[in-house]
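The values are calculated or read from the model by the stated rules, or taken from the named source; none is laboratory data. Note that the structure is predicted; figures quoted are calculated from it, not measured. Here the Cβ positions follow ideal geometry from the backbone for every residue, glycine too, while neighbour counts run over all protein chains shown.
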Amino acid sequence: MGLKRILIVEDDMIIQMFLNKIITSLGFDVVGEARTCEQALQKVNDFKPEIILMDIGIAGDKDGIITTELINQKYDIPVLFLTGNSDESTLNRARSVNPAGFVFKPINENHLKTKLFELNELLDKKKLA
């Protein structure tokens, strides 16, 4: 079916560049990058990504969990959380918005690749169903 369009929501420019490099090297298309909830919602609306990589701790007054909750209200787009916060209360809050999974920082490139290809395959199967 082809590789999906991905939106990166990450406020650390170095991590954003690292993610962009990995994603494009795999053949996925990065349709946009956002640093805040407002930017993320605008990009989702404008570019209709098929997968979102969402940092939990983004800039602004709304974190990645709230942003995902807002996206879930309007769209059916799987969100893969990126996080350096592996404390139980953060993870439980994050689980409440039904993410497609977690990638913990520091980011393991192979783990990220595996997660993206699994999601891509899952979305292809969903389309065929």
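All conditions but one from (1) among the hydroxyl-bearing types (Ser, Thr, Tyr); (2) modelled with pLDDT of 95 or more; (3) over 12 Å from the mean Cα position of the chain (by Cα) apply to Thr68; the one that does not is (3).
In this structure, does Ala129 turn out to be in contact with an Asp or Glu (Cβ under 9 Å, 6 or more places away or on another chain) and either more than 24 Å from Leu26 (Cα to Cα) or surrounded by 14 or more Cβ atoms within 10 Å (Cβ to Cβ) (or both)? No; evaluated as a whole, the condition is false for this residue. Screening region 10-110 for strands (runs of 3 or more DSSP E) wholly inside it with 2 or more residues that are surrounded by fewer than 16 Cβ atoms within 10 Å (Cβ to Cβ) returns the ranges 101-104. For region 1-10, the criterion of being within 25 Å of Ala129 (Cβ to Cβ) and among the basic types (Lys, Arg) is met by at least one residue.
Does at least one position in region 17-40 carry a residue that is among the small types (Gly, Ala, Ser), under 22 Å from Lys127 (Cα atoms) and modelled with pLDDT of 95 or more? Within region 17-40, one or more residues are among the small types (Gly, Ala, Ser), under 22 Å from Lys127 (Cα atoms) and modelled with pLDDT of 95 or more. Taken over region 75-95, residues that are over 19 Å from Leu112 (Cβ atoms) and without any contact (Cβ under 8 Å) to a residue 12 or more places away in the chain amount to 6.
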